[in-house]
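Input: a single structure, listed below in structure tokens.
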Amino acid sequence: MFLTLLPEITLVVLAFVVLTTDLALDRQSRAFLPYLTAAGMLLAVIFTIVFALPGDKPQLIFGGMLRHDWLTFVFRLVFLFGALATVLFSAGWERVARRGEYYVLIITSTLGMMLMGASADLVMLFLAIETTSIPLYILAGFITEDDKSTESGFKYLLFGAMTTAIMLYGFSMLYGFSGSTNLYWIAGALMSGELPFISMMGTVILVMAGFAFKVSMVPFHFWAPDVYEGSPTPIAGFLSTASKAAGFAVIIRVLLTAFPLEAFGGVDWTMMMAIAAALTMSVGNLIALAQTNIKRLLAYSSVAHAGYILMGIAAASELGGLSVVFYIIVYLVTNLAAFGVVAVAERTLGSNDLEAYDGLSRRSPALALVLLISLLSLAGVPPMGGFIAKVLVFAAAVEANMVWLAVVGILNAIVGLYYYLIVLKRVYLFRSEEEDKPVPIPRPSAVALTVCLIAILVFGTIIAPWFDYSGIAAGALF
Amino acid sequence: MIPLSWYLIFSALLFSIGLFGVLARKNAIAILMGVELMLNAVNINLVAFWRYIVPATTEGWMFVASVFVVAAAEVAVGLALVYSIYRGRRTSSADEIDLLKW
């Protein structure tokens, strides 16, 4: 049983090792800390694959607190990959590169996400969500001398604390309805059919408030652009990928296991999620059109992508689950690459305004290429991974008799393409006076960007194995 | 014995007052106090349900204990962030913390 938790145990040990090494080293040699963190995380990845492989049957471990299945496994790798890339981007970002506690917070937050993906009990779920969120509040406000950073951390905390309290109220209701905090017990109690529809639906809404905040679903998306703009750029990337993936892992597990569709009869949460999906992608895409700051633009684009992923959840089918997992994997590498480029460019350009990106292709062809591939993948252009991911969520919506939702999605994809192309137009066609000044790429960032780039292209061209893995992972829920 | 519904009504009221405080108060510290009220409403709910429905189990008060601990941690981080904003800008009013907006 302890072997199945070995990746998490590795992270706990790693956090202490990094913290003590930080004390022992002088300022110069602290530049080695990100590599130590990355090595530890790589070890956790290896442990996940070698020792913590789930069997054919999903099993509940630690008194029903955690569920060890293929979904847990896939999401563990997703979070570890996101954290690894973030650590590598941070190594090249001078203001945080030598701060030991910064890496400890990233490790702790990743630990929380891994537990979030596995939770099968409300108490565990709550603790995991807070283990993820509290370090992220500090990370967003990490640069205390920068007023924007502290402000973003504070806004993130206020939104987070409020939505978590609402979610907890929903949890307390679930406990009252079923007399248990176990998700499978709760499902059984709801299935008994003694509860009025209004109290079940009300509880779904209360609980969803907390999850919606994590994935920046409309109307809980207001924090996203402000927090992404103010927080350190590698952290903005981490928030928009790994943290969001953790939110979706929880949403699909809780909605599909604790609120079975049969318990509702007729009107259930799929309609609510479909409307939320349509609103989320429309609001995200339309406001993104008006942005002049690349971090805010990517923030609204990430709100829109949450909408696409919600389409797969609204379908509530096996294909829907598969499309959600596939979309999250592709979105993770794509958005990490996009934020990685912003983090690298910010060092030299000194600004996140779109104007600063004029003529970037002449200052650093490699960086411009990564931005091109990642933005086209976000827009859903073949042969990038984003295209396949979009096809799958649209297919899931059509299969679930929600053709209108697929139409809204396709219209939104067109709007999205427009603002991604505006950025690329600046990068490739515009000229600037500083074209003779190159934009250097730090080596760790270059490694992470290359891996992301290859992953985007592989997900878009060799589809079958990833399709199968996503199917196996989603199959653990049905 | 006092019926269960009294506790639930009390906790719903407390939750609403807390939520109103979070949404309406201007001072950052007062907003954090609103969050605390909401969490206390949750705790009352949990304890009442535990006592009246499943007094033989431990899950209810275990949940309450973890809510306590996490709430304390959250407030500690919140106050630290308020303090670092105050050092930079000499204000703790949520209306004046407005560098970031579209």
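Every number here is computed from the coordinates shown, using simple stated rules; none is lab data. Given the structure is predicted, the values throughout are model-derived calculations rather than measurements. Heads up, the Cβs are rebuilt from the backbone with ideal geometry, glycines too, and the neighbour counts pull from every protein chain shown.
For the protein assembly as shown, the equivalent ellipsoid derived from the Cα gyration tensor has semi-axes of 36, 27, 24 Å, listed largest first. Of the GluC sites (Glu not before Pro) in segment A:387-478, which ones lie in a loop per DSSP and count no more than 10 other C-beta atoms within 10 Å? Here the sparse-neighbourhood loop sites are A:Glu433.
Using only side-chain charges placed at the Cβ, +1 for Lys and Arg and -1 for Asp and Glu, the dipole size of chain A relative to its Cα centre rounds to 560 debye. Electrostatic bookkeeping for A:Phe142 treats Lys and Arg as +1 and Asp and Glu as -1; over the other residues with beta carbon under 10 Å from its beta carbon, the sum is 0. Sorted ascending by nearby beta carbons within 10 Å, beginning with the fewest, A:Val344, B:Val35 become B:Val35, A:Val344. Below 13 angstrom from the Cβ of A:Leu168, what's the summed charge of the other residues (Lys, Arg +1; Asp, Glu -1)? Computed value for this residue: -3. By the count of neighbouring beta-carbon atoms within 10 Å, fewest first, A:Phe238, A:Phe16, A:Phe259 end up ordered A:Phe16, A:Phe259, A:Phe238. With a Förster radius of 45 Å applied to the C-beta separation of B:Leu13 and A:Tyr184, the computed FRET efficiency comes to 0.85. The residue list A:Pro196, A:Leu429, A:Ala400 was ranked by how far each Cα lies along the charge dipole of chain A toward its positive end, using unit charges on Cβ atoms, and A:Leu429 comes out on top.
Taking other C-beta atoms within 10 Å as the exposure proxy, B:Thr91, A:Thr164 rank B:Thr91, A:Thr164 from fewest upward. Based on C-alpha pairs under 8 angstrom that are at least 6 apart in sequence, chain A has a relative contact order of 15 percent.
Seen against the Cα atoms of chain A and their longest principal axis, helix A:318-349 is set at about 20 degrees. Per residue of chain A, the DSSP helices (runs of n ≥ 4 H) give a summed -39500 (n - 2.57) that works out to -25000 deg cm²/dmol at 222 nm.
The angle between the Cα long axis of helix A:122-140 and the longest principal axis of the Cα atoms of chain A comes to about 20 degrees, rounded to the nearest 10. Using only Cα atoms, tell me the angle between helix A:385-399 and the longest principal axis of chain A; keep it within 0 to 90° and round to the nearest 10. The two axes meet at around 20 degrees. For the listed peptides A:71-81, A:416-426, a ranking on the average number of other beta carbons within 10 Å per residue, highest first, reads A:71-81, A:416-426. Summary value for segment B:4-89: 27 percent relative contact order, contacts being C-alpha pairs under 8 angstrom separated by 6+ residues.
Since only B:Leu99, B:Pro55, B:Gly78 are under comparison, the one whose Cα sits farthest along the positive direction of the charge dipole of chain B, derived from C-beta charges on Lys, Arg, Asp and Glu, is B:Leu99.
Only lysines eight or more places from B:Lys101 in sequence, or on another chain, were considered; those with a Cα closer than 30 Å are A:Lys148, A:Lys155, A:Lys214, A:Lys244, A:Lys295, A:Lys425, B:Lys26. Counting Cβ atoms of other protein chains within 10 Å of each residue's Cβ and taking the mean over peptide A:126-136 gives 3. Above 24 Å lies some portion of the pair distances; for segment A:268-478, what is it as a whole percent of all C-alpha pairs? Distances greater than 24 Å cover 42 percent of the Cα pairs.
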